[in-house]
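K.L.:
Okay, here's the structure, questions in a sec.
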Amino acid sequence: QVQLVESGGGLGQAGGSLRLSCAASGLTFSYYGMGWFRQAPGKEREFVARISRSGGSTYYADSAKGRFTISRDNAKNTVYLQMNSLKPEDTAVYYCAASIVASSDVKAMNYWGKGTLVTVSS
């Protein structure tokens, strides 16, 4: 049974930082590209960042470039999202996802976590 469990969400201040973690189990972690997505109230789920199987390649949404950093530790089966320079518009539920194919498309993800709420106050 595959499980992706996010942690690290909470209340942050504008200009501050938060670090999200996603621990994976039940799958061969290094076989999967990993991604972070987010969904704000009343909006569709959107891509934030993704990282290749080896961690050698990363991709970001324009909204995340220069502020967020995705990384992974294949020995710990964990992917991270370091979020700096937070903005109120970053407020959302953040989800991690695993995909066999290299993709930023929500529909291409094979497995999802249940999400962690990030709230950024101004």
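K.L.:
Just to be sure, is residue 72 in contact with a Gly (Cβ under 8 Å, 6 or more places away or on another chain), assigned to a strand (DSSP E or B), open to solvent by less than 50 Å² (accessible area, probe 1.4 Å) and modelled with pLDDT of 95 or more?
P.N.:
Yes: the conditions hold for residue 72.
K.L.:
Further, regarding this structure: Would region 52-62 turn up any residue that is surrounded by 20 or more Cβ atoms within 10 Å (Cβ to Cβ) and under 14 Å from the mean Cα position of the chain (by Cα)?
P.N.:
no
K.L.:
Which pairs turn up if I take residues in region 53-74 that are within 15 Å of residue 98 (Cβ to Cβ) and look for partners that are assigned to a loop (DSSP other than H, G, I, E, B) with beta carbon separation below 6 Å, at least 6 apart in sequence or on another chain?
P.N.:
Hits for this filter: 72/55.
K.L.:
Which of the residues spanning region 75-102 are of a type outside the set (A, V, I, L, M) and surrounded by 14 or more Cβ atoms within 10 Å (Cβ to Cβ)?
P.N.:
The answer is 77, 78, 80, 82, 87, 90, 91, 94, 95, 96, 99.
K.L.:
Quick test for you: out of 102, 108, 92, pick the one residue that is under 10 Å from residue 34 (Cα atoms) and not β-branched (Val, Ile, Thr).
P.N.:
Every option except 102 fails the conditions.
K.L.:
Continuing with the same structure: Identify all residues within region 17-37 that are open to solvent by 20 Å² or more (accessible area, probe 1.4 Å) and in contact (Cβ under 8 Å) with a residue 24 or more places away in the chain; write none if there are none. Give the steps one after another, and end with the answer.
P.N.:
Within region 17-37, the first condition is being open to solvent by 20 Å² or more (accessible area, probe 1.4 Å), and the residues that meet it are 17-19, 21, 23, 25-28, 30-32.
Result: 17, 18, 19, 21, 23, 25, 26, 27, 30, 31, 32.
K.L.:
Separate question: When you scan region 40-49, do you find a residue that is open to solvent by less than 70 Å² (accessible area, probe 1.4 Å) and of a type outside the set (A, V, I, L, M, F, W, C), even just one?
P.N.:
Scanning region 40-49 turns up no residue that is open to solvent by less than 70 Å² (accessible area, probe 1.4 Å) and of a type outside the set (A, V, I, L, M, F, W, C).
The values are calculated or read from the model by the stated rules, or taken from the named source; none is laboratory data. What you are looking at is a predicted structure, and each value in this text was computed from that prediction instead of being measured. Backbone-built Cβ (ideal geometry, glycine too); neighbour counts: all protein chains shown. These area figures cover heavy atoms from the full protein model, side chains too; ligands, DNA and RNA do not enter into them. Shrake-Rupley method; radii C 1.70, N 1.55, O 1.52, S 1.80 Å.
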